[in-house]
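Since every read-out is calculated from the coordinates, none of them should be taken as a lab result. Only a predicted model underlies this, so the values are computations on that prediction, with no experimental measurement involved. FYI the Cβ positions are ideal-geometry reconstructions off the backbone, even for glycines, and counts take in every protein chain you see.
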Ligand SMILES: *Cc1c(COP(=O)(O)O)cnc(C)c1O
């Protein structure tokens with residue numbers, strides 16, 4: 001299947017190559033079991049997205065990042081994450097399938113069973129792991145890691161946490177176009193809101209740009225779960241605009257756009273003590289979701305669901321159509 005971005009905005013196969021890693025469209029279903037207010041709640045399950053042993057939102061970013069790395073003749077991806085990084089794991093698995101090695105610099109995060117399971121998966125993934133512990137030590141180690149993982153006369157393809165580079169953001173531009181197609185096909189009414197956790201911001205930034213391009217009026221509710229990165233509205237909008245500029249530079253024929261913060265609702269009261277620290281609200285939301293057959297994890301999606309339920313209970317969504325984006329994808 002051709003990417004919607006290619007179909008809609010020009011012949012971009014050479015300048016913006018896309019590698020299909022999942023089977024779209026992402027399944028959408030109503031989630032009436034969880035509604036606590038007047039909104040009708042839907043689930044867009046990107047946990048189902050990805051065919052390579054791990055699903056979730058990182059796979060959509062890799063659909064654009066891996067071919068960009070290959071196009072540049074890179075042989076290794078160097079990136080960073082917490083000890084339980086879904087991003088690092090997805091990268092190791094999918095990059096490995098396409099002949100790229102992965103090196104990860106791992107920063108400490110609270111270790112619980114969830115993180116221990118992830119770390120065991122990372123150790124089996126074939127990635128080279130560097131335990132750099134803190135953000136400062138990771139930044140300091142970058143020159144060494146770039147030299148160490150150079151191959152074929154080229155440096156590794158360096159990616160920020162969460163894969164939220166200008167290219168990675170394209171994953172959720174594409175997802176928004178896919179959602180618009182589902183709306184047009186009558187699978188779901190036009191959503192008033194789409195809720196996502198914000199860890200590194202690429203998912204939310206991609207949605208901001210993609211929804212604008214798709215002509216949907218859906219607002220993005222971003223639930224901030226990370227206090228290690230700057231994730232305010234300005235930063236997210238700047239990231240969306242950088243990806244818009246990238247699309248234009250690479251030859252996409254885009255309409256005039258007015259990206260604005262009006263489309264974004266940032267929720268900052270679900271973080272709790274910090275990134276990776278579970279919260280009672282998150283645990284409660286996770287338990288309710290589990291009863292409805294939806295498995296959430298404590299770092300991102302349980303906090304996003306806690307925000308969704310609290311906003312719905314407060315009437316913040318009115319009688320709107322709210323899509324909860326499940327970004328987590330264990331196999
Ligand atoms: C990385 C991640 C997120 C956050 O996405 P960003 O694009 O980094 O903001 C949300 N949920 C899960 C399960 C993730 O692994």
I'd like to compare 155-161, 17-23: which one has the highest average count of other Cβ atoms within 10 Å, and what's the full order after that?
155-161, 17-23
Correct semi-axes for segment 137-188, from √(5λ) of the alpha-carbon gyration tensor and rounded to whole Å with the largest first, are 38, 12, 6
Per its Cα gyration tensor (rounded if a/c is under 1.5, else prolate when a/b beats b/c, else oblate), segment 37-118 is best filed as oblate
So how long is each side of segment 277-331 along the principal axes, counting just the alpha-carbon atoms, biggest first, in Å?
34, 22, 18
For the chain, what is the calculated [θ] at 222 nm in deg cm²/dmol (nearest 500), taking -39500 (n - 2.57) for each run of four or more DSSP H residues and dividing by its residue count?
-12500 deg cm²/dmol
Given q = 0.15, 0.21 Å⁻¹, what are the Debye log10 I(q)/I(0) values for segment 186-331, with equal point scatterers placed on the Cα positions and solvent ignored?
-0.77, -1.32
What is the chain's relative contact order, in percent, from Cα pairs under 8 angstrom and six or more apart in sequence?
23 percent
Could you give P(r) for segment 98-248, binned at 10 Å from zero, as whole percent values over all Cα-Cα pairs?
10, 31, 32, 21, 6, 0
Please report the equivalent ellipsoid semi-axes of segment 25-85, computed as sqrt(5 x eigenvalue) of the Cα gyration tensor, largest first, in whole Å.
33, 14, 10
May I ask you to order 28-34, 308-314 by the average number of other C-beta atoms within 10 Å around their residues, highest value first?
308-314, 28-34
Segment 233-304 - Kirkwood radius from inverse mean 1/r over Cα pairs (Å):
15.0 Å
Tell me the label-point distance for the pair residue 291, residue 51, using the 7 Å Cα-to-Cβ offset, in nm and rounded to one decimal.
3.8 nm
Wrap a convex hull around the Cα atoms of the chain, take a quarter of its surface area, and give that in square nanometres.
15.4 nm²
Which whole-angstrom value gives the distance between the alpha carbon centres of segment 282-331 and segment 132-149?
35 Å
When 91, 15, 26 are ordered from fewest to most other Cβ atoms inside 10 Å of their Cβ, what list results?
15, 26, 91
Quick check: convex hull of the Cα atoms in segment 1-149, volume per residue, rounded to a whole Å³?
164 Å³
If you average the sequence gap of Cα pairs under 8 Å that are 6 or more apart and divide by the length of segment 9-148, what percent do you get for the contact order?
18 percent
Would segment 112-171 count as rounded, prolate or oblate if I go by the C-alpha gyration tensor, calling it rounded below 1.5 in a/c and otherwise prolate when a/b exceeds b/c, oblate otherwise?
prolate
What list do you get for 89, 257 if you sort them by fewest beta carbons within 10 Å?
257, 89
Please arrange 154, 61 by how many other C-beta atoms lie within 10 Å of their C-beta, fewest to most.
154, 61
